[in-house]
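The values are calculated or read from the model by the stated rules, or taken from the named source; none is laboratory data. The structure presented is a predicted model; accordingly, all values stated were derived computationally and were not measured. Cβ coordinates were reconstructed from backbone atoms using ideal geometry, including for glycine residues, and neighbour counts include every protein chain displayed. What goes into the accessible areas is simple: the full protein's heavy atoms, side chains included, and nothing from ligands, DNA or RNA. Shrake-Rupley method; radii C 1.70, N 1.55, O 1.52, S 1.80 Å.
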Amino acid sequence: MTGSPDDREDGDLTGRLDAGRADPLEPLLRPPATYLATPPGTFHRIRRRAARRRRARAVMVAVAAAAVLGGAPYLIGVISTHRGDELVVPTATGTRTGPHPPSTSPSTSQSTASPPTVPTPTHRAPSTPSAGTTGASGRTVGPSGRTPGTSPMCTASQLTASLGGGDAGAGNLYRYLVLTNRTSGACQVSGYPGLSLLDAGGKQIGAPATRDRRTYAPVVLEPGGSASITIHTINRQGECLPTSARLRVYPPGNTASLVIPGEITNCDDRFGVTPFAAGTSGNPPA
């Protein structure tokens with residue numbers, strides 16, 4: 001339904017008036033744009049932080065360079081110590097560095113380089129004129145100057161055994177067992193014998209003798225020469241085994257034995273022997 005012409009004219013006039021006038025709600029709905037001001041000192045702080053970062057980077061670069069320069073001599077030293085293809089040769093005019101000269105012959109290489117020396121303990125044993133003397137090398141030698149390295153081990157068939165003298169003190173008993181070379185050639189004994197006690201029927205009494213730990217050296221026995229050990233027991237203390245009638249002796253390095261008369265009593269399980277020493281008065285010599 002359309003209005004009258006007058007009503008239409010009034011509406012057009014109102015619209016033209018409204019178009020030329022500002023909307024009172026616009027300031028509330030569309031406030032003017034405002035910009036935040038930069039806080040005081042902001043740019044100064046930014047510049048200071050950038051300067052600190054630049055200084056820190058410079059310090060790190062300097063430290064890295066110092067580490068590289070400081071490690072270079074060490075690396076050069078390690079590399080130079082592993083260069084096995086050069087030899088420093090002293091000459092009359094100075095020092096010459098060059099490659100290792102080739103070996104001309106096995107005899108030349110042996111004469112210029114000796115094998116490493118392994119230290120070995122030297123054992124000294126007392127000696128008597130009948131069995132030899134102690135040489136400069138610390139080894140017992142015979143009157144003829146033979147050393148243990150040049151004499152074979154004595155076998156049971158080359159030796160005679162006997163009980164010698166003895167000693168006692170503070171409840172301890174000591175007897176000397178002597179081995180003598182009965183042949184015309186030199187031989188040597190070294191270390192401990194095997195020794196067992198036997199009854200009259202040849203049956204073993206108790207356990208074999210134990211070893212009294214001490215140092216020793218090989219003893220060269222010239223023809224007629226002797227070496228001896230000390231048998232250690234105690235004098236009737238504790239429980240005693242029957243007294244022996246015979247002794248079975250195994251020279252060092254032998255499986256054959258010598259059986260001789262001899263009375264030894266093992267009391268309180270004290271029955272020990274020393275290694276051989278030169279002479280006939282035990283080890284150590286009486």
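Name the pairs: first residue in the range 264-277 and touching a residue at least 12 places away in the same chain (Cβ under 8 Å) and among the β-branched types (Val, Ile, Thr), second residue surrounded by fewer than 20 Cβ atoms within 10 Å (Cβ to Cβ) and part of a strand (DSSP E or B), Cβ to Cβ under 7 Å, at least 6 apart or on different chains?
Going by the 7 Å Cβ cut-off, the qualifying pairs are THR265/CYS240; VAL273/ARG211.
In this structure, does THR155 turn out to be of a type in the set (Val, Ile, Thr) and under 16 Å from GLY282 (Cβ atoms)? Reasoning before the result, please.
Numbers: of a type in the set (Val, Ile, Thr): yes; under 16 Å from GLY282 (Cβ atoms): no.
Answer is no for this residue.
Looking at the range 233-249, is at least one residue hydrophobic (A, V, I, L, M, F, W, C) and under 37 Å from the mean Cα position of the chain (by Cα)? Quick ask: steps written out before the conclusion?
Initially, the range 233-249 is screened for residues hydrophobic (A, V, I, L, M, F, W, C), giving 234, 240-241, 245, 247, 249.
Checking which are under 37 Å from the mean Cα position of the chain (by Cα) leaves us with none.
No, the range 233-249 contains no residue that is hydrophobic (A, V, I, L, M, F, W, C) and under 37 Å from the mean Cα position of the chain (by Cα).
Which of the residues belonging to the range 200-228 are outside any loop (DSSP other than H, G, I, E, B) and closer than 21 Å to THR265 by Cα?
Selection gives GLN204, ILE205, THR210, ARG211, SER228.
Which of the residues spanning the range 167-199 are closer than 15 Å to ARG270 by Cβ and assigned to a strand (DSSP E or B)?
Scanning the range 167-199 gives ALA168, GLY169, ASN172, LEU173, TYR174, ARG175, LEU195, LEU197.
Hey, among GLY165, GLY224, GLY169, GLY145, which residue is farther than 30 Å from THR243 by Cα, out of contact with any His (no Cβ under 7 Å at 6 or more places or on another chain) and at pLDDT below 95?
Answer to the selection: GLY145.
Tally time: how many residues in the range 200-254 are farther than 23 Å from ALA168 by Cα, surrounded by 15 or more Cβ atoms within 10 Å (Cβ to Cβ) and among the polar types (S, T, N, Q)?
So the count comes out to 1.
Taking the range 199-211, which residues are of a type outside the set (Gly, Ala, Ser) and either over 22 Å from GLY282 (Cα atoms) or in contact with a His (Cβ under 6 Å, 6 or more places away or on another chain) (or both)?
Correct list: ASP199, LYS203, GLN204, ILE205.
Can you name the residue in the range 258-284 that is open to solvent by 40 Å² or more (accessible area, probe 1.4 Å) and more than 12 Å from VAL178 (Cβ to Cβ) and, of all such residues, is modelled with the lowest pLDDT?
Initial filter on the range 258-284 (open to solvent by 40 Å² or more (accessible area, probe 1.4 Å)): 259, 261, 263, 268-270, 280, 284.
When the remaining residues are screened for being more than 12 Å from VAL178 (Cβ to Cβ), the result is 259, 261, 263, 268-270, 284.
Details: VAL259: 97, PRO261: 96, GLU263: 95, ASP268: 93, ASP269: 93, ARG270: 94, PRO284: 86.
That would be PRO284.
Kindly evaluate SER157 against the criterion of being touching a residue at least 40 places away in the same chain (Cβ under 8 Å) and within 40 Å of the chain's Cα centre (by Cα).
no
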